[in-house]
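Remarks on the structure that follows.
The values are calculated or read from the model by the stated rules, or taken from the named source; none is laboratory data. On a predicted model such as this, the values are computed, not experimentally measured, just so you know. Quick reminder, even Gly has a Cβ in these numbers, built from the backbone with ideal geometry, and neighbours come from all protein chains shown.
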Amino acid sequence: MPEAGLLLLTLAFLLVIRVPVAFAIGIATVLVLGQSLPLDVTLTTTAQRLATSLDSFTLLAIPLFILAGELMGRGGIAERLINLARAALASLPKGLAHVHILASMLFGSLSGSAVAAASAVGGVMGPRMQREGYSAGSAAAVNISSATTGLLIPPSNVLIIYSLASGGVSITALFVAGYVPGLLLGLALAVAVQLSLPGPVAQAPSGPRLGRAFLQALPSLGLPLLVMGGIVAGIFTPTEASAIAVLYAGALSLAYRRLRFADFPSVFADAAITTGTVALLIATSMALSWLLAFERIPQSLAEGLMAGIENPLALLLAINFVLLVVGTFMDMTPAILIFAPIFVPIAVGMGIDPVHFGVMMVLNLSIGLCTPPVGTVLFVGCGVAGTSLGEVIRPLLPMYLAMLGALALVATIPALSLGLPRFLGYLGP
């Protein structure tokens with residue numbers, strides 16, 4: 001497959017010389033397609049794919065969930081969730097680290113962004129953990145690893161992107177399938193914290209304090225119930241749910257008096273910048289996906305893999321290894337957009353459910369967000385904590401093992417992903 005080799009070499013070269021990922025994908029697509037078609041046809045076809053790939057009602061959910069996440073991050077919602085987690089878990093041994101994990105899960109599930117969770121929750125919890133005896137590196141390690149849990153617990157933008165890249169897997173089924181693996185990942189991180197992280201003595205429990213914190217956080221907790229409850233009940237689609245999330249988060253931010261109407265233009269501007277980055281990645285990656293289909297690269301790879309691997313478990317092991325390597329050098333969104341069209345047909349051909357594969361893929365690539373040299377969440381977490389990469393890596397090692405353990409369980413036990421959506425009727429028996 002000379003086209004596949006040229007594509008990989010071009011992408012690798014452009015990324016090594018630090019060309020932005022979206023432009024690297026677009027340039028590689030034009031170069032490889034130009035080997036098969038005249039230049040004018042190549043440019044016209046690529047331009048058409050860039051434009052039509054964004055013409056999707058489903059994709060409208062992404063900018064709206066990004067906007068909802070911006071409103072939540074700046075509207076006081078994170079602080080109330082942190083107070084609730086602290087009141088619930090601070091009495092446990094190493095309780096503040098567990099509080100951090102739970103707060104990241106709560107906020108990450110609302111914002112759908114690991115970077116937003118690392119910034120919002122880490123900015124509040126990091127100084128508290130250091131004041132109570134945790135090292136800056138330990139606090140950052142907990143923040144970095146736990147921020148990824150929100151990518152599995154819905155609503156999750158990356159699950160929407162996987163649905164698009166995989167050819168239309170049900171977003172609702174993916175959302176529901178992410179709950180158990182997301183909780184499993186949080187539990188695995190809590191076990192790693194308990195076994196490896198030095199920490200101060202637990203605080204005394206306080207029932208009244210928990211009650212007050214719960215009441216203060218109750219409106220914030222109503223958001224996932226409203227969004228997922230409406231989707232599961234069939235009241236609105238995931239895209240319509242994203243609009244509801246924006247209205248709810250905006251009203252809540254105003255009610256908490258952390259945002260004024262004068263602040264909304266800057267919130268919209270930040271959300272627009274993030275949306276523009278994501279949209280360009282999606283457009284160029286979908287043009288690349290069309291190229292892959294045109295050159296029949298996925299089918300050729302599938303034939304090669306299926307000829308050499310007959311066991312679905314061995315196939316999952318091989319794919320997971322590739323994705324772990326890819327996640328180390330590439331951010332999650334382009335990785336999903338590039339590799340989902342390649343691997344999903346192969347997995348389905350071996351009898352692996354695409355919903356299960358999608359949850360596994362997101363969990364796998366979440367690990368790459370926490371690893372050098374490209375790990376976005378890793379560097380955001382170091383910046384928020386004001387510490388260096390060298391101080392963070394050692395306390396992160398047990399967290400890596402916990403995440404790999406959760407990935408192994410999710411990959412080998414499909415019921416962890418498929419049990420809940422199957423029970424609710426989103427999948428066949």
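One table, with the values for the structure above:
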| quantity | calculated |
| --- | --- |
| Members of segment 111-124 that are closer than 15 Å to VAL377 by Cβ and either of a type in the set (Val, Ile, Thr) or surrounded by 23 or more Cβ atoms within 10 Å (Cβ to Cβ) (or both) | SER111, GLY112, SER113, ALA114, VAL115, ALA116, ALA117, ALA118, ALA120, VAL121, GLY122 |
| Scope segment 321-341; condition part of a helix (DSSP H, G or I) and either surrounded by fewer than 21 Cβ atoms within 10 Å (Cβ to Cβ) or without any contact (Cβ under 8 Å) to a residue 40 or more places away in the chain (or both); matching residues | PHE321, VAL322, LEU324, VAL325, VAL326, THR328, PHE329, ALA335, PHE339 |
| Selection count where residues are closer than 21 Å to ALA385 by Cα and not small (Gly, Ala, Ser), scope segment 135-182 | 5 |
| Given (1) in a helix (DSSP H, G or I); (2) closer than 28 Å to ILE393 by Cα, number of the condition LEU67 does not satisfy | (2) |
| Residue satisfying all of: in segment 76-101; within 22 Å of LEU152 (Cα to Cα) and in contact with a Lys or Arg (Cβ under 9 Å, 6 or more places away or on another chain); surrounded by the most Cβ atoms within 10 Å (Cβ to Cβ) among these | HIS100 |
| Enumeration of residues in segment 229-268 that are of a type in the set (Ser, Thr, Tyr), outside any loop (DSSP other than H, G, I, E, B) and within 23 Å of the chain's Cα centre (by Cα) | THR239, SER242, TYR248 |
| All positions within segment 339-378 that are closer than 17 Å to ASN143 by Cβ and either touching a strand residue (DSSP E or B) at 6+ places or on another chain (Cβ under 8 Å) or of a type in the set (A, V, I, L, M) (or both) | ILE367, LEU369, VAL377, LEU378 |
| Residues of segment 398-429 satisfying the condition of being in a helix (DSSP H, G or I), surrounded by fewer than 18 Cβ atoms within 10 Å (Cβ to Cβ) and either hydroxyl-bearing (Ser, Thr, Tyr) or without any contact (Cβ under 8 Å) to a residue 40 or more places away in the chain (or both) | TYR400, LEU404, ALA408, THR412, ALA415, PHE423 |
| Some residue of segment 372-388 being of a type outside the set (A, V, I, L, M, F, W, C) and at pLDDT 90 or above | no |
| Number of positions in segment 1-60 that are in a helix (DSSP H, G or I) and either hydroxyl-bearing (Ser, Thr, Tyr) or touching a Lys or Arg at 6+ places or on another chain (Cβ under 7 Å) (or both) | 8 |
| All positions within segment 138-168 that are more than 26 Å from ARG128 (Cα to Cα) and part of a loop (DSSP other than H, G, I, E, B) | LEU152, PRO154, PRO155, SER156, SER166, GLY167, GLY168 |
| Residue identified as farther than 20 Å from VAL176 by Cβ and among the polar types (S, T, N, Q) among SER119, SER156 | SER119 |
| Residue in segment 42-58 that is buried (at least 19 other Cβ atoms within 10 Å of the Cβ) and at pLDDT below 75 present | no |
| Any hit, segment 78-92, residues being farther than 13 Å from ALA213 by Cα and among the hydrophobic types (A, V, I, L, M, F, W, C) | yes |
| Subset of segment 241-262 (residues that are surrounded by fewer than 18 Cβ atoms within 10 Å (Cβ to Cβ), touching a helix residue (DSSP H, G or I) at 6+ places or on another chain (Cβ under 8 Å) and within 22 Å of ASN157 (Cβ to Cβ)) | ALA243 |
| Count - residues of segment 301-320 that are at pLDDT below 80 and surrounded by 15 or more Cβ atoms within 10 Å (Cβ to Cβ) | 4 |
| Single match in GLY168, GLY178 (criterion: without any contact (Cβ under 8 Å) to a residue 40 or more places away in the chain, closer than 30 Å to TRP290 by Cα and out of contact with any Cys (no Cβ under 7 Å at 6 or more places or on another chain)) | GLY168 |
